[in-house]
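See structure below.
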Amino acid sequence: MKQHLYIMLLILLLSACSGNNGKKYVIGVSQCSEDIWRDKLNNELVMSTYQYDNVTLKFASANDNDKLQKQQIEQFIKEGISLLIVSPNQIHTISSVIDKAYDAGIPVILFDRKTDSGKYTAFMGADNYEAGHEMGQFIAQQLGGKGNVVEIGGLKGSSPSIERDRGFTDAMKAYPGIRIVDRRYADWLKNRGEAVMDSMLRQCMEIDYVFAQNDRMAVGALQAAEKHGVKDLKFVGIDALPVPGGGMESVRDGRLMASYIYPTRGDLVMQLALNILEKKPYKRDNYLKGTLVTSNNANALLLQNEEIMKQTARLQSLHGKVDNYLAQYNHQKVYLVLFSIIVLLLVGIMIYVYRSIVARHRIEEETVAAKLQFFTNISHELRTPLTLIADPVDYIIHDSNLNAQQRDMLQIVQRNVAVLTRLVSEILDFRKVQNGKMKLHLSDFDLAESMRQWFSLFATSAQKKNISLQLEVPEALSMRADHDKLERICYNLLTNAMKYTPNGGRITFAASVEGDKVRITVSDNGIGIAHDEQPYIFNRFYQAKNAEHGTGIGLALVKAFTELHHGLATVESREGEGSRFIITMPLRQAGELSSSRSEQAFSPVVETVADEDVPNQARHIDDLVLPDETARPEVLVIDDNSDIRAYLRTALSSIYKVSEAIDGKSGLEMARRIVPDLIISDIMMPVMDGLEFCSQLKQDKAISHIPVILLTARSLDDQRVEGYEHGADAYISKPFSLRLLLSRIDNLIQSRKKLSQLFSNSDENDVFEKLSNETDKTFITQLRKIIQDNLGDSEFNVERFGDEIGLSRVQLYRKVKALTGHSPVEMLRKARLMRARHLLQTTDKSVSEVAYAVGFSTPSYFSKCYKEEFDLQPAQER
Ligand code: FRU
């Protein structure tokens, strides 16, 4: 993540920094002087760079100073310029430094002026000889071949000065009537031109025409003549600059007789430079065309130039604007980059914060889960001791010998055990909800009636606290939901209300129908809940600041159970004024009516142990049965009277595992399912009575072996006979003595045990005879046959055993174990080893052959089992 961020930032920065700032070529321009001619040239050079974005120009002006120009060129070399454009002040004085640049690999363009060295890359400029020659001819013509002329030269050692003079002199040679009376140098400067003219006039020279090698000197000379009052003297110059104050205006105005366009053409110079730099073809010596300017064409040329100047100005302004925009654009780019960086950083920070929140949340979740797991484990641990406290207390509390004080104390114990038991089951229930194991057991019931019942449970405690209870329910309210869970929801809310409502307060329990929904409310005028705590009170383990005590799980369970019903649990509360808990849920839950729920509602068959948190494999009854399951025999109590069932449960549960059913039919189903060790059944019951139950049981192969004690108010002898005829193993009349019942139960279980021990230790036929029940005899015969038939089949296992005999695994196990004291696998193994012994003693087969013949898959395992069974190695049988 961080790496990506850095890469993106880098790309943004690079893209922002790239663009026109990184020009490739730096061209140094070394000018010998500073004047309007060179200004024009410099301007043209700059303008030309507009079409090349990879060129930067650097200007230096030596102000007619050789030394300075050399220094400036040295500096250019140091800076590593790409190309040098130079107008050398003089032909010889600065050649050395130009050679140096050239030798350093810097291309050199000589412009306008030359050196005496051949070390240059290209030259561009006008033909100065031509210029001098043209002006000579013009003067000669103007004078008609006769007259006196003076020449004012530029800088003595500069190439234009030398060449112009040569051209002029050569032109004059054709006119013998013209005399060059003087020749002076004025270093290209106006004031120097004026000075030399002044000096010549002072000498009273006769002069008709003055040829100055540039316009500036010509105008200076003209001004000197004017000062001297000399009127008929004529002047010409060179340059003919078409700019204000330039030579072209002077010609137009008649102050100069003529001039010669000495072109600047910075555009062509730049083109040449680029050709050299980009290794394109170019000419080494490039001469620019000049033109004579007289009063005839000066005006036209000026107008023409004016237009060009306007265009140039417009172009420059446009370029200025573009530059401006570019600068703005670059600024914006920088802002954009900064903005992007800030956005990226913000995004990064947000991601970081989000991740930390998620991580913290996960840690909290894990902590809560660990807490819940811890409570679950403790709850499991607590359940057995609680049962062991509750059952004996329930048992003793009915003892008529107890005095009032003892009973009171026991009732305290009973109440507190009930509180603990409820707490434990709430934690376990909550765990179930969390694991998604909590299911709805739907039944149809009258909610109004149920609410009346639930509410009545609080009447006594409300009375004690002087709390007024109000119930607001319709006459009847038909509902399809999980009755027990709804009861728990209401019970928890009412308990809560009781807890937080002060003496003399009021609690209202109401239900109303709104469309297809029911709304159940529990309102109180108790202490209320702070506004900021309200969103959390349904969270597990949450305890409000003013909570008295508790685990914080009750309301969480309310919410979970409500949501299981696709409903909503909310609270409205004001601190100091009271609270209203509101449960809304559909009146009718979609789904099948649960058979187990309907049994619970109308024919309660309740398994004592219904532990959903016990791992699955431990619930499979195979050869490995949990020790406590085998250790505690299981008794099924069938009676339609719930008090009798409760009483028997209380009396038996300390010794036996107790299950209950409310009539013969549900009892039979239950017996088939759990295969108990003994059944106590009432005779007079709805749906299916005890006699019918007994005879069906005794005909059912899976459960026929289970001893049945019939319990009835009937005590007539012939009825007893009827009972025994239906297969009952014992008969006890009501009212019965608990001790008698306990000893009868014990007897039957013990004699069943003895029978099975007999089965495993003695001749099977003896035991067979002792079986009273025909179904059991048939079963044993069948069992033996199946074992014998499959002795040699190593693939034959418990599943197939069950399939063949027509019993489930549990039934087969329980049945075989009860009858024989052995598990089916042990029986099978025993029979295989018996056959093996017979084979070893009566045949020549090897140990391995015998092992395979009796269905062992490896001889070593066979030998091990053999040793365990007979305390002999198979080989020792020989
Ligand atoms: C400008 C200038 C021009 C002249 C040229 C000769 O600096 O003096 O007037 O024509 O130089 O190099």
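What follows is calculated from the coordinates using simple rules that are stated; it is not laboratory data. In this text, all values refer to a predicted model and were calculated from it rather than measured experimentally. Every residue, glycine as well, gets a Cβ built from its backbone with ideal geometry; the counts of neighbours run over all protein chains shown.
Tabulated results
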item	result
Neighbourhood net charge (13 Å Cβ-Cβ; Lys/Arg +1, Asp/Glu -1) for Val322	0
Karplus-derived HN-Hα couplings along the range 786-799 (A = 6.51, B = -1.76, C = 1.60, θ = phi - 60°), whole Hz, x at Gly and Pro	4, 4, 4, 5, 10, 3, x, 9, 5, 7, 6, 10, 4, 4
Net lengthening on full extension, Val26/Gln411 (0.36 nm per residue, minus Cα-Cα)	127.9 nm
Overall Cα dimensions of the range 385-444 - principal axes, largest extent first, Å	48, 28, 15
Net dipole in debye of the range 443-540 [+1 Lys, Arg Cβ; -1 Asp, Glu Cβ; about Cα centre; nearest 20]	420
Rel. contact order, % - alpha carbon contacts under 8 angstrom, at least six apart, the range 634-747	23
Proximal charge balance of Ala104 [Cβ under 12 Å; K/R count +1, D/E count -1]	-1
For the range 764-877: relative contact order, % (alpha-carbon pairs under 8 angstrom, 6 or more apart)	22
Contour minus Cα-Cα distance for Glu849 and Asp643 (0.36 nm per residue)	67.8 nm
Cross-link table Lys24/Lys58; Lys146/Lys289; Lys439/Lys559; Lys58/Lys289; Lys371/Lys559; Lys24/Lys279, entries beyond 22 Å C-alpha to C-alpha	Lys146/Lys289; Lys58/Lys289
Estimated distance in nm for a label pair at Met309 and Ala530, the labels positioned 7 Å out from Cα along Cα-to-Cβ	8.7
FRET efficiency, Thr294 to Asn43 (Cβ-Cβ, R0 25 Å, nearest 0.05)	0.40
Distribution of pairwise C-alpha distances over the range 634-747, 5 Å bins, in %	2, 13, 26, 28, 21, 9, 1
Point-charge dipole on Cβ atoms (K/R +1, D/E -1) for the chain, about Cα centre, debye to 20	2960
Antiparallel DSSP beta bridges within the chain, as percent of all bridges there, nearest 5	35
Sites Asp323 and Ala104, calculated FRET efficiency, Cβ-Cβ separation with R0 35 Å, nearest 0.05	0.60
Projected-area average for the range 764-877 over all orientations - Cα convex hull basis, square nanometres	7.2
Sorted peptide list for 302-308, 804-810, criterion being average Cβ within 10 angstrom, highest first	804-810, 302-308
Förster radius 35 Å - calculated FRET efficiency between Asn286 and His92 (Cβ-Cβ, nearest 0.05)	0.95
Paramagnetic reach from Glu563 (point 7 Å along Cα→Cβ, amide N under 17 Å) across the range 476-492	486, 489
19 Å Cα-Cα reach of Lys864 towards lysines, excluding residues that sit fewer than 8 places from it in its own chain	Lys830, Lys845
Dipole-positive endmost among Leu748, Ala481, Tyr50 within the chain (Cβ charges, Cα centre)	Tyr50
Cα pair distances of the range 128-260 binned at 5 Å [whole percent]	2, 12, 24, 26, 22, 12, 2, 0
Length-normalised contact order of the chain in % [C-alpha pairs under 8 Å, at least 6 apart]	6
Cα pair distances exceeding 44 angstrom across the chain, given as percent	63
Intensity falloff of the range 258-321 expressed as log10 I(q)/I(0), Debye formula with alpha-carbon point scatterers, at q = 0.17, 0.18, 0.24, 0.28 Å⁻¹	-0.84, -0.89, -1.02, -1.12
Two-site label geometry, Ala369 and Thr842: point separation in nm, points 7 Å out along Cα→Cβ	6.3
0 to 90° range, to nearest 10: angle between helix 824-842 axis and the chain longest Cα axis	70
Positive dipole terminus of the range 329-434, leading residue within Leu345, Gln434, Val393 (C-beta point charges)	Leu345
Residue (of Ala818, Ser863, Val847) at the positive-pole extreme of the range 800-878, dipole from beta-carbon charges	Ala818
Nearest-ten-degree value, helix 859-870 long axis tilted from longest Cα axis of the chain	30
Cα gyration tensor shape of the range 442-586, rounded if a/c is under 1.5, else prolate or oblate by comparing a/b with b/c	oblate
Counted charge near Lys78, where neighbours are those whose Cβ lies closer than 15 Å (Asp, Glu -1; Lys, Arg +1)	0
Computed log₁₀ I(q)/I(0) - Debye formula, equal Cα scatterers, no solvent, the range 329-434, q 0.14 Å⁻¹	-0.76
Label point distance in nm, Thr460-Ile396, each placed 7 Å from Cα along Cα→Cβ	2.0
Helix 642-652 axis, angle to the chain major axis (alpha carbon atoms, nearest 10°)	90
Dipole in debye (nearest 20) - the range 128-260, about Cα centre, beta carbon charges: Lys, Arg +1; Asp, Glu -1	240
